[in-house]
Amino acid sequence: MATLLEISIGYALVCVLAAMALCAGRLLVGPSAHDRVLALDTLWMCGMLLALVLGIRFGTQIYFEVAMLIALVGFVSTIAMAKFLMRGEIIE
């Protein structure tokens, strides 16, 4: 018999994977560059959530460190993409 934690982790995994699939669809089909940047931002956030849920599921620390790296790299890349779309250059 599955515990409540196992059921909720399975449900969370399905929800995060569905959100990632929808974000990937918006990333490929997005009508403008701004929609694609927003989809990419949401996609890395979902990737971070996926790493956190897997860390809870398997009970290891490495997934939490991976989630921290994804958060840092994703934030910096989103800022760089937004600056590029606004000004046309990244480095001033």
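Laboratory data are not the source of any read-out in this text; all were calculated from the coordinates shown. Note that the coordinates shown come from a computational prediction; the quantities given were computed from them, not determined experimentally. FYI the Cβ positions are ideal-geometry reconstructions off the backbone, even for glycines, and counts take in every protein chain you see.
At a temperature of 37 °C and a viscosity of 0.692 mPa s, determine how fast the chain diffuses translationally according to Stokes-Einstein, using the Kirkwood radius over alpha-carbon pairs as Rh; express D in µm²/s, rounded to the nearest whole number.
Details: Rh = 14.6 Å.
Answer, rounded: 225 µm²/s.
Since only LEU52, ALA18, SER32 are under comparison, the one whose Cα sits farthest along the positive direction of the charge dipole of the chain, derived from C-beta charges on Lys, Arg, Asp and Glu, is SER32.
Taking 15 Å as the cut-off, the amide N atoms of segment 26-53 that come nearer than this to a point 7 Å along the Cα-to-beta-carbon line of SER77 belong to 27-28, 36-51.
Taking the Cα centre of the chain as origin, sum charge times position over the Cβ atoms of Lys and Arg (+1) and Asp and Glu (-1), and report the length of that vector in debye to the nearest 20.
Values: 5 positive and 6 negative charges, 26 e Å.
Roughly 120 debye for the chain.
Helical content alone sets the calculated 222 nm signal of the chain at -30000 deg cm²/dmol, taking -39,500 (n - 2.57) per DSSP H segment of four or more residues and averaging over every residue. Its relative contact order, with pairs defined as Cα atoms under 8 Å and 6+ residues apart, puts the chain at 24 percent.
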